[in-house]
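Accompanying notes for the structure given below.
The values are calculated or read from the model by the stated rules, or taken from the named source; none is laboratory data. These figures come from a predicted structure and were not determined experimentally. Glycine gets a Cβ as well: all are built from the backbone with ideal geometry, and neighbour counts include every protein chain shown. Surface areas here come from the heavy atoms of the whole protein model, side chains and all, with no ligands, DNA or RNA. Shrake-Rupley method; radii C 1.70, N 1.55, O 1.52, S 1.80 Å.
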Amino acid sequence: MADRVTVIGWDGSPLTAAARSALGAATLVAGAAHHLALPEVPPAAERIRLGSVDLAARRIAGHRGTAVVLADGDPGFFGVVRTLRAPEHGLEVEVVPAVSSVAAAFARAGMPWDDARIVVAHQRTLRRAVNVCRAHPKVAVLTSPGAGPAELALLLDGVHRTFVICEELGTDREQVTVLTSDKAADHAWRDPNVVIVIGGSPAAGGGWIMGQETPAVRGWGLPTEGTAARTGQDPTLRAAQLARLGPRVGDLVWDIGCADGAFSVETARFGAAVIAVDTDPAACARTEAAARRAGLMLQAVPGRAPHVLERLPEPDVVRIGGGGVPVVTACTDRRPERIVAHASTRDEAEAIGAALADGGYDVECSLLQTVGLDPGAWTERERSVVFLLAGRRSP
């Protein structure tokens with residue numbers, strides 16, 4: 001095992017005295033090509049091109065001597081330190097940090113970033129990174145080959161955002177470009193780059209927690225002011241649907257039959273991206289207005305399901321507020337993790353349950369009855385009875 005392993009962050013600035021000292025004593029140096037070309041790298045040191053960090057870690061673990069790993073930005077921030085410290089490698093490391101590429105990107109843009117979400121986009125996580133960009137007004141995306149600005153823009157089709165694209169930060173080829181997301185797919189971008197994705201109106205003033213603010217309204221499944229407790233909009237049903245779907249950051253949620261937007265808005269409060277669908281354009285407008293009042297971002301799409309669903313991106317979870325078996329079947333064909341629907345009669349519930357089961361979902365059905373009471377006289381004000389159906393995709 002290496003006698004000593006030092007991880008040095010590099011942001012294009014001259015190396016610190018601590019970094020120069022560690023590098024000068026190294027018998028093995030691992031890094032990208034531009035790191036290995038630094039004049040401070042000892043000529044006699046063994047050099048490893050840092051492609052797979054796991055492979056490099058195994059080489060370092062078997063090395064007798066002093067090893068240095070060079071990495072762009074802060075190596076402890078979505079960097080190589082996590083992999084090097086993994087139990088299977090058994091490496092204890094000292095870290096000489098540098099300014100992270102995210103901090104540098106926001107500095108170039110002249111923007112604060114304590115209210116930003118930060119995501120890493122690989123080909124396997126690109127869709128979830130895009131969903132965060134849909135749901136949040138300020139996101140920094142650490143890209144990778146095949147999951148860069150052009151791919152982000154293509155998956156954000158129909159959602160307007162501003163991109164601040166920072167290429168090759170800290171090098172003499174550094175370039176910062178500001179353009180709208182619909183133009184980003186028309187360019188070829190150099191790796192590595194950081195994309196700051198801006199949309200909507202970020203909250204004014206500084207917060208107290210990095211990357212997010214707590215919801216202004218405490219609780220969920222709340223009554224909607226001015227809305228009758230009709231089937232599909234009853235707060236108790238809405239709370240049960242949310243509990244079974246479990247929307248979370250990185251998810252894309254379809255709300256089919258969004259009506260007044262109560263479900264869409266509550267889902268967005270969990271940090272998920274939401275596409276609200278309704279045949280009535282006025283319902284879409286009400287949903288967008290409700291989201292704006294709550295300081296949230298979502299996309300409303302007018303159209304009749306199931307046909308309108310064909311052009312929507314893949315969902316993680318789906319709430320079906322109407323449309324019956326044809327809509328359920330169209331949703332099961334897209335294979336989201338979970339689907340919830342409701343029915344007012346047993347026959348309708350049986351048909352929806354059968355459609356979920358035929359589509360490869362394990363089905364749960366409950367009969368929910370809620371009775372609103374006047375707490376002064378303890379008399380009944382309103383009553384709602386509905387079948388709740390929840391489908392979980394079978395393994």
Quick check on THR214: is it surrounded by fewer than 16 Cβ atoms within 10 Å (Cβ to Cβ), within 23 Å of GLN299 (Cα to Cα), modelled with pLDDT of 75 or more and of a type in the set (Ser, Thr, Tyr)?
no
In this structure, does ARG47 turn out to be assigned to a strand (DSSP E or B) and open to solvent by 30 Å² or more (accessible area, probe 1.4 Å)?
yes
Only residues that are closer than 14 Å to PRO97 by Cβ, open to solvent by 30 Å² or more (accessible area, probe 1.4 Å) and either assigned to a loop (DSSP other than H, G, I, E, B) or among the polar types (S, T, N, Q) (or both): list them for the range 13-29, please.
SER13, THR16
Candidate set: the range 132-189, residues that are over 17 Å from the mean Cα position of the chain (by Cα) and among the basic types (Lys, Arg); chosen: the one surrounded by the fewest Cβ atoms within 10 Å (Cβ to Cβ):
ARG173
Odd one out for THR370, checked against (1) at pLDDT below 95; (2) out of contact with any Ser or Thr (no Cβ under 8 Å at 6 or more places or on another chain)
(2)
Could you tell me which residue of the range 218-250 is farthest from ARG393 (Cα to Cα), considering only residues that are among the aliphatic types (A, V, I, L, M) and at pLDDT 80 or above?
LEU222
Sole residue being small (Gly, Ala, Ser) and over 22 Å from GLY271 (Cα atoms), chosen from ALA140, ALA135, ALA188
ALA188
Does any residue of the range 115-125 turn out to be surrounded by fewer than 24 Cβ atoms within 10 Å (Cβ to Cβ), touching a Leu at 6+ places or on another chain (Cβ under 8 Å), of a type in the set (D, E, K, R) and in contact (Cβ under 8 Å) with a residue 12 or more places away in the chain?
no
Within the range 147-173, tally of residues that are in a loop (DSSP other than H, G, I, E, B), modelled with pLDDT of 95 or more and over 16 Å from ALA273 (Cα atoms)
1
Over the range 259-271, the set of residues under 19 Å from LEU237 (Cβ atoms) and of a type outside the set (Asp, Glu) is ALA259, GLY261, ALA262, PHE263, SER264, VAL265, THR267, ALA268, ARG269, PHE270
Among VAL139, VAL176, which is within 29 Å of ARG292 (Cβ to Cβ) and touching a residue at least 24 places away in the same chain (Cβ under 8 Å)?
VAL139
Picked from the range 372-394 (must be of a type in the set (A, V, I, L, M) and either more than 21 Å from THR224 (Cα to Cα) or open to solvent by less than 60 Å² (accessible area, probe 1.4 Å) (or both)), the residue nearest to the chain's Cα centre (by Cα) is ALA390
Conditions: (1) surrounded by 19 or more Cβ atoms within 10 Å (Cβ to Cβ); (2) in a loop (DSSP other than H, G, I, E, B). GLY219 meets all but one. Number of the miss?
(1)
